[in-house]
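Following: one structure in structure tokens, then a few remarks.
Read-outs: derived from the displayed coordinates by stated rules, not from any lab. All of these numbers come straight from a predicted model, not from anything done at the bench. So basically every Cβ, Gly included, is an ideal-geometry build from the backbone, and we count neighbours across all protein chains shown.
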Amino acid sequence: MIHRWSIARRLFVANLLFVLALTAVVGTAAFVDARDRTYDETGRRMAALAVSIADNPLVLQAAASPDPSARLQPYALKVMDNADADFITIMAPDRTRWTHPLHEEIGQPYIGSISDALAGHVFTEITAGTLGPSVRTIAPVKAADGSVKALVAAGVTVRNIDVAVAGRIPALLVIAGGLLLGGSLTSWLLGRYLRGVTRGWGPEQLAQLFAYYESVLHSVREGVILIDSKGRVVMYNDQAAELLGLEPRDSGDDPANTPLLADLPLAPSLKNLFESGRAAHDEIHLTGSGVLVVNQGPAVGPGSRSGRPAAAFGTAVFGTVATIRDRTEIESLGTELETMRTLSDALRAQTHEHANRLHTMVSLLELGRTGDALDFATQDLELSQQLTDDMVSSVQEPVVSALVMGKAAEANERGVELAVQASGAAGAAGLAVQDLVTILGNLLDNAIDAAADAPAPRRVELQVNSHDGGLEITVQDSGKGIEPGAVDDIFRYGFSTKEAGPFGRGLGLALVKQAVQRLAGTMTITNSGGTGGARFHIVLPAPDPHSLPEEHA
């Protein structure tokens, strides 16, 4: 049953029991201390009384008389009343009482220790006599030569001392009650606070919930990063560390080593998003190695999300939670799909062109102009074959060659002349074909679009120069060019000078920049002087031969 209690209830019960035990211990200690102090005070008072009586010359004179009781009994009774003592017994050294509160006890032997007093010392003891247990002090009555002539015992019964102690009990009870009330109130307030913080769950439930969250956090394929309101990265899972290029961090690490968001090597757009704390839904951000889709929202209590009134601390905003998905593979697949679409369009265009050319050759043959038909077919075949041979020998990637041929067919359909010049050999060996397709495909798409919207002559020039140092790619169009102030913005995701389409714009050149950076290349942009279009010049260094896979070695 106890294991189902919440942390608040357990702490309340434990603290209440502790307060009860503390109150009992403190109360008992205070009572014992008060009793001991009362006994000590009574002993000191009786010692002073006994010594003062023993020093009275009357006692020494009466002890030498034939009937000491006649003179000392009235004196002892008077002093006993004035000094608030229960008995004053003056006795001979042989224990014979000369005075006593009970007249019949006079002449009887004294009950108690007298050895120390006979030796000339004053001592106090608690012992039982004719009146019951009492605190008493025995003092010697000494002659001028130091000999003990009589003894004086003054005391108060324990019963009367206990009555005095009982008079202090109400004050002790007030102190104990204050401790109990204060401790109980503190326990209740602390329990209420913990009930709000822990939602009334017990430690076993919290441990189980933490284990579930920990398992989910590290098993999902999405990256998760938690940032508090002070800009500290509280936690991120392994997938987030991989996507953001961070050092792996475990949730059990020392909280004192929690890194600050400003100190992490994040892409500027991601850092701005995390620092702003604003809500984000499927935002695309580019990093040095990938395309990330980010969602971000506030970290709040569950009450505010469900529409029900939030419990204590439920509506507090503890920071932000961001989830990160890798879209790099999707973009790569999209690029490959676009390449296949381009090739399909190229085949369709070529089929149409071949049909026209075939009809032309058939007509020439029907007219008996066999030589002209042969020259027409040979010329067309030589141009296509030359383009294919140049691209394959320079880039050594059939996919890239097919892409360029497809773009040439697409440009021809849109009334744009695509001039291709390829030179060199073997410089592109080892370069990722996906990155080359991304670079060439997006640059040619933008160049063809720019040239198609410009007045005649509409022309796009592609130069591919392959050498031992790497690969150089130049794409130039006859469009209106790029505004000087927009050169830095064209590579930013979402920026586009074109009309927005159904899937948005502004991703192509951003992917080109990312691919160039991934291949450790450089890119320069200028506006060509004569034709007025934009000119993109890219240099991709040749990979290290030792780092190439076996098929490229």
Point-to-point label distance, D263-R35, nm (Cα→Cβ direction, 7 Å offset): 6.2
Filtered hits (lysines, Cα-Cα < 25 Å from K407, offset >= 8 within chain) -> K480, K498, K513
Which FRET efficiency value, to the nearest 0.05, do you get for T524 and Q463 by plugging their Cβ-Cβ distance into 1/(1 + (r/R0)^6) with R0 = 22 Å? 0.95
Any idea what Rg and Dmax come out to for the stretch 7-166 if you just take the C-alpha atoms, in Å? 21.5, 84
When the Cα atoms of the stretch 40-98 are enclosed in a convex hull and the volume is divided per residue, what value in Å³ results? 83
Can you list the lysines whose alpha carbon sits under 27 Å from that of K78, skipping same-chain ones fewer than 8 residues off? K142, K149
For labels at A144 and I175 in the simple 7 Å Cα→Cβ model, what's the distance in nm? 5.3
Which of the peptides 180-193, 39-52 is most tightly packed, and how do the rest follow, going by the mean number of other Cβ atoms within 10 Å of each residue? 39-52, 180-193
Taking r as the C-beta separation of A14 and A48 and R0 as 56 Å, the FRET efficiency to the nearest 0.05 is 0.65
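Given a Förster radius of 60 Å and the C-beta distance between D81 and R192 as r, what FRET efficiency does 1/(1 + (r/R0)^6) yield to the nearest 0.05?
Details: r = 61 Å, r/R0 = 1.02.
According to the calculation, E is roughly 0.50.
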Per-residue counts of other Cβ atoms within 10 Å, averaged by peptide: what ranking do you get for 64-73, 96-105, highest first? 96-105, 64-73
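What does the extension gain come out to for N295 and L60, with contour length at 0.36 nm per residue minus their alpha carbon separation? Show your work: numbers first, answer last.
Details: separation 235, 0.36 × 235 = 84.60 nm, distance 10.64 nm.
Gain on stretching N295 to L60: 74.0 nm.
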Ranked packing of 262-269, 148-155, most packed first, by mean Cβ within 10 Å: 148-155, 262-269
Simple spin-label estimate for H103/E242, 7 Å along Cα→Cβ, in nm, reads 11.2
